[in-house]
1. In region A:242-273, which residue that is away from chain D (no Cβ under 14 Å) and in a loop (DSSP other than H, G, I, E, B) is farthest from residue A:221 (Cα to Cα)?
2. Looking for something within 14 Å of chain C (Cβ to nearest Cβ), over 24 Å from residue D:144 (Cα atoms) and crowded, with 19+ Cβ neighbours inside 10 Å - is there at least one such residue anywhere in region D:29-41?
3. Going through A:17, A:11, A:22 one at a time, which residue ends up being buried (at least 24 other Cβ atoms within 10 Å of the Cβ), of a type in the set (Ser, Thr, Tyr) and outside any loop (DSSP other than H, G, I, E, B)?
4. Identify, please: which residue in region C:42-62 is more than 13 Å from every other protein chain (Cβ to nearest Cβ) and more than 16 Å from residue C:248 (Cβ to Cβ) and is, among those, surrounded by the fewest Cβ atoms within 10 Å (Cβ to Cβ)?
5. Would you confirm, using the coordinates I've provided, whether residue B:191 is within 14 Å of chain A (Cβ to nearest Cβ), β-branched (Val, Ile, Thr), closer than 27 Å to residue A:168 by Cβ and in contact with a helix residue (DSSP H, G or I) (Cβ under 9 Å, 6 or more places away or on another chain)?
6. Within region A:77-103, track down each residue that is farther than 18 Å from residue D:222 by Cβ, crowded, with 17+ Cβ neighbours inside 10 Å and either under 19 Å from the mean Cα position of the chain (by Cα) or not aliphatic (A, V, I, L, M) (or both).
7. Does any residue of region A:104-121 turn out to be away from chain B (no Cβ under 14 Å), under 24 Å from residue A:168 (Cβ atoms) and surrounded by fewer than 17 Cβ atoms within 10 Å (Cβ to Cβ)?
8. Checking residue D:68 against (1) under 29 Å from residue D:176 (Cα atoms); (2) part of a strand (DSSP E or B), only one condition comes out false. Which one?
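The values are calculated or read from the model by the stated rules, or taken from the named source; none is laboratory data. In this text the structure is predicted, and so the values were computed from the model without any measurement. So basically every Cβ, Gly included, is an ideal-geometry build from the backbone, and we count neighbours across all protein chains shown.
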Amino acid sequence: MNTAVTIAGVTWKNPVTVASGTFGSGAEYSELVDLNQLGAVTTKGVANIPWQGNPTPRIAETYGGMINAVGLQNPGIDVFAKRDIPFLKQYDTNIIVNVCGKSTADYVEVVERLGDEPVDMLEINVSCPNVKEGGIAFGQDPKALFEITKAVKAVAKQPIIMKLSPNVTDITEMAKAAEAAGADALSLINTLTGMKIDVHRRTFAVANKTGGLSGPAIKPVAVRMVYQVAHAVQVPIIGMGGIATGEDAIEFIMAGATAVSVGTATFHDPMTPVKVAQGIEEYMKRYGVEDINELRGCV
Amino acid sequence: MNTAVTIAGVTWKNPVTVASGTFGSGAEYSELVDLNQLGAVTTKGVANIPWQGNPTPRIAETYGGMINAVGLQNPGIDVFAKRDIPFLKQYDTNIIVNVCGKSTADYVEVVERLGDEPVDMLEINVSCPNVKEGGIAFGQDPKALFEITKAVKAVAKQPIIMKLSPNVTDITEMAKAAEAAGADALSLINTLTGMKIDVHRRTFAVANKTGGLSGPAIKPVAVRMVYQVAHAVQVPIIGMGGIATGEDAIEFIMAGATAVSVGTATFHDPMTPVKVAQGIEEYMKRYGVEDINELRGCV
Amino acid sequence: MATTKMTATIIHQEPIGTGVFSMLVEAKAIAEQAKPGQFVNLYSKDGSRLLPRPISLCEIDKEAGTLRMVYRVAGKGTEEFSQMHAGDKIEILGPLGNGFAMKDGKAILIGGGIGIPPMLQLAKELSKNGVEVQVVLGYRDETFLDEEFAPFGKVYYASEDGNHGVKGTVMDAIREYGITGDIIYTCGPTPMLRAIQTYALEQGIEAQLSLEEKMACGIGACLACVCKSKEKDHHTNVNNKRICKDGPVFLAGEVEF
Amino acid sequence: MATTKMTATIIHQEPIGTGVFSMLVEAKAIAEQAKPGQFVNLYSKDGSRLLPRPISLCEIDKEAGTLRMVYRVAGKGTEEFSQMHAGDKIEILGPLGNGFAMKDGKAILIGGGIGIPPMLQLAKELSKNGVEVQVVLGYRDETFLDEEFAPFGKVYYASEDGNHGVKGTVMDAIREYGITGDIIYTCGPTPMLRAIQTYALEQGIEAQLSLEEKMACGIGACLACVCKSKEKDHHTNVNNKRICKDGPVFLAGEVEF
C-alpha cells in the first residue's frame, strides 16, 4: 500500500501536513505527536523581521469552527533559521516554511534567506486576512498575485507553494495567475474572513474586529474550491479547510488535492494530524486502494 | 418595549422573517408555527413559469450546516398568485415574495405581475448558486447587478430587496451597485458555494455537484458581510446566515441589520423563527433595551 | 392529522441485528395520529448535525402512546441514537408522510433490508382488518424482525447469500414461491422498488411503493426530497412529487425514480 | 513535566455556588505532574464546540491520581461540563502552563471570583512547606470554597455587597486589615490583577499574577493568548509572552496587560 505522494519533486511519506499557524514550528506539539509520522511540517509564517501581531483577544470559537486574528506574530527569519529549522531537521519529515511579508521586497528577502537553509518547500502566504499592510492585497487580485509569484520564483531555490485566499469571486482566476507566474504548487484554502460579536459585551469577539474563519464549518467551501482549481490548473494542490478525519482528507484528495493540511482540528485534539494519516490508511485498507494517488480527482 | 422595525416604509411587528426557500410559502409550517408571530414571511423563489429544479439528491448535511441544490423548483407565478398569496393574506404578517429568473425579462415579468398583488415587498434573488442560466451571474458582477436592479425598479410597485451573494471578493461593491440602482433594501447573505463528496460512494453528495452552504457554520461570514455593507450603504439590511437563536439575531442587528431571516435552523426545529423572535425580546428585557432599533449597528 | 414536534422519552432500546437497533419511545401525541407507512423525524443532540433523520414507524401502539422505530446505523446521527438508553429524551416530529392506503385485497407485503420495519405495523393492521397477508422479506445475509411477522401471515424469505429462503431478490422469491395477490405494499432499496414497479405494472396489480430520498424539513416545504411524477403534480405544478409530504408511499403508476 | 492528553473519569461533581461547580476527575498521569497554578484543557463532546476550555486546578491529589476543578458556567461548554455525572468520561489535556513558583516568604494569596480555586492547592502546599499563609478572597456577593482555606491560614474577605468582610475589593481588604507579607500570589479578574500589580511594584514586593486570555491550543503553538512583556521575550523574539505556555503566572514586573 503506497501512501507517498510527490509534490513539485518533493516526496512525502504520506499526504498529511499541518496548516500554517496552527502548529508553531512543531516544537510544542512534538511533546504530544510524533512528527516523523507526518508527510511534512508547515511552519507558522515567518517574515524578514519580528512581528508583534495583533492585540488580544485574538481568537474566538464559532459554530463548528473558530476565527483567529493572530496577525502573523513571528520571531523573524534570523531566530527562526537559527532555532526552528535545526529543531525540525531532527525529524524524518519535510519542512515547509510559510513566508509572510508586507511588501514584495519582504517576501523576496525571506525567500532568498531561506535558499541556503535545509528546508524542502516554501509556502507563500498571500492570503492572511488579518494583516492590513500586505498579504491579502496580493491574494485577492490576480495581477498582484502573478507579480508576487514571479518575484518570489525568480529568487527561490526551493519549490514555491502559493497559498490562496477563498475570499474571492473566482478562485480559478487566482490559481491560473499563480500557475502562469511559475508557482510549483498551490495550497488552499486560507481562512474565510469572518466576524463574531459578543452580544453581551456589545463588542467584537476578536480585537481585530474581523478574523479568519476555519474549522469543519468551512470544509464544503474548501472542497468546492479545490475541485474547481484542480480542473483549472496542472500544478499540484495541497488541500485544507476543516479536515479532522482520514475521510475528510480522502474527500479533498478525491476533489483533486495531492496532499492535505490539518489545522483547526489539532486544537480539539493534538493527535489529529497523525490520526488523519492513519485514517487515510484505514480507508485505503477498507476499500482495497493500493496507491493513494489512484484516488486523486476520482469523482 | 418596541420590537417593530420599518424597512423601506414597511413596518414589521418584529424584525424576524424566514429565509427564502426554507419555508415554502408558509402553508406546511403553518401547522406547526403561528405565522402571526413573524415580522414577515418570505416565500420560496417564484419565476414567470414553473421550474422543475435539479435532480436529487438535492441536499446534504455538512458540519454545522447543510448544502442544498434544489434549483429553485417553483410552480410559477400564476399558481403562486392564485394559491399562495391568498393563503398568506390570512395572517397578520408581511408578505415578501422572492423572485427568481433566468433573464432580466423573466424578473421584470414576475415583478410586474406582482405589482397588483397584495404583497408587501419583493426580494430579488440574484444570488442562487444552483441554477446555471441566471441568478448568480447577476449576483457576482456589480454592473450586471446594477442593471437588473434598475430594470426591476423601473416596473416595481413594491419596495425591492436585492439579495446578495457572498461568493464575491468585495460585498460592498455589490451593495453599492444595488443601492445606486435604486434598491430599497438589501438582504444578505445567500449561501456560500460548497461541495461535499461521499467518499464511500466516490460521488458528489448532491446531484448538482455544488450546492449552497448554509447554517450556523457560515454565521461569521454573514455577520462580517452585514457589518461591511452596513458601513458602505444607507439602505436597510435584512441579515441572514446561520441564525438559530435570539442572540444570533441580536448579533446581526448589532452588526447593522434592521431585520433578520431564519433559514436552515428551521429544519432542525420548526419553531425556530418564533423562538428567535421570542429570544430577541428576552435579550431586550435582560439588558433593558426599550427599542430594538437602539441596538442596530451599536458595535 | 396534526403533526407534532415533541420531546419523546425512550422506553427501551436494543440491537436486533448487526448495526440494527429497535427503539421504543413514548410519544403519545404522535402515536395517536400515526398510521402504517408514515415516518418521524428524529433530531441529533450534537450541534454539528442539524438535519433530522427520517425513520419509519415499525410499530404504533395508540393505547400505550408508544412508537417503535427499527433502524440501521448508517452514520454518526443514527450511531448517536443507537447509544441512547431507556429514560433518555429525544426530539421527534411526526407523524410525517401519507402512509400506506390499506385496501381489502389479498396483500403481498414486500420489505427489503431496512425497508422491512414499516411493513410490520402494516401487516398487523391489515391482518386485524381481516385481510390475507403474505410477507416477503429480502435480506443481504443476516435476518432481523422476521419472526415478528409470523402472527400476521405467511412469511417468505429471499437472501443474497441464500442462507434464508430463495437465494436472490424478493422478486426471485415471488416467482419461486408463486406468490400472488391483489395488491403489493413495499418498502426497500431503489433497485428492488424498481423491479416491483415493473412487475406490478406488467401484472396490472396495484403496488404502493414507499420511496426514500435525502430530506431536510420533512414536511413538504423545502422541496429537497422530490421524485419525478408521470403527471404534473397538483401542488408543485411540475412533474415532481414531494416524497416527505405527498409520499413516501406512491402508486407504481404515478412515479419515476 | 510531560503533558498528557487522556480520557479522564469523573468521580464526583456538585454545584458549590450559583453557577459554580466542583468537578473531581481521575487523571493519574496529569495529577502526577501537576502543580499549583497550572491548568488543564477540557474538551466538549459537542461537535459545534471545538476549542478546549482551559480550567485551573483547584486541588491535586497525586496519591489518588485525581484533579479537582472548580469552575463557573460561562457558556455552553462549561454548561455541558456542569451536566456531567460521576462515571462520565471527559477528554483532558494537562498539566498546562508554568504554575506558581512557591517561595519561602510569608505569603499573601489573593483570589478574586473564579480566580479563587487555584489558590486552594497553593495554600495547601505552601502551608505544608511551613510557609505562613494569608488568604484574601474577593467575591461579588455569594461566597464559595472559602471554608476550605481555613486549615491552611488566616482567611480575609472582601465583597462588593459588603456581606462578607470588607465592602469593596481585595485591595481594600489588604489595606483595611493591614495585611503584609513577602510575596503575593494571585489570580482573578484583570482590574484586580492590575491593582495588585501596581501595589506590589509600589511596595517592592514580589507578586506572581495568574493571567487569563482566550486560548486555542493551550500549549504555546498558536500564539492566541499572548500578553505584552516589558522586555523582549526570549521565545517570541517580540515583546509578547504566551500566557498558556510561559504563564499563566507572571511576575508583576514582567508583563503589561
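1. Going through region A:242-273, the residues away from chain D (no Cβ under 14 Å) turn out to be A:246-247, A:249-261.
In the following step, the residues that additionally are in a loop (DSSP other than H, G, I, E, B) were identified as A:256-258.
Details: A:256: 14, A:257: 14, A:258: 18 Å.
Going through the qualifying residues, I end up with A:258.
2. The answer is no, given that none of the residues of region D:29-41 is within 14 Å of chain C (Cβ to nearest Cβ), over 24 Å from residue D:144 (Cα atoms) and crowded, with 19+ Cβ neighbours inside 10 Å.
3. Working: A:11 fails: buried (at least 24 other Cβ atoms within 10 Å of the Cβ); A:22 fails: outside any loop (DSSP other than H, G, I, E, B).
On inspection, the qualifying residue turns out to be A:17.
4. Within region C:42-62, the first condition is being more than 13 Å from every other protein chain (Cβ to nearest Cβ), and the residues that meet it are C:55-62.
Now narrow it down to the ones that are more than 16 Å from residue C:248 (Cβ to Cβ): C:59, C:61-62.
Details: C:59: 20, C:61: 15, C:62: 13.
Only one residue fits best here, namely C:62.
5. Working: within 14 Å of chain A (Cβ to nearest Cβ): yes; β-branched (Val, Ile, Thr): yes; closer than 27 Å to residue A:168 by Cβ: yes; in contact with a helix residue (DSSP H, G or I) (Cβ under 9 Å, 6 or more places away or on another chain): yes.
Answer is yes for this residue.
6. A:77, A:85, A:93, A:94, A:95, A:99, A:101, A:102
7. Taking every residue of region A:104-121 in turn, at least one turns out to be away from chain B (no Cβ under 14 Å), under 24 Å from residue A:168 (Cβ atoms) and surrounded by fewer than 17 Cβ atoms within 10 Å (Cβ to Cβ).
8. (1)
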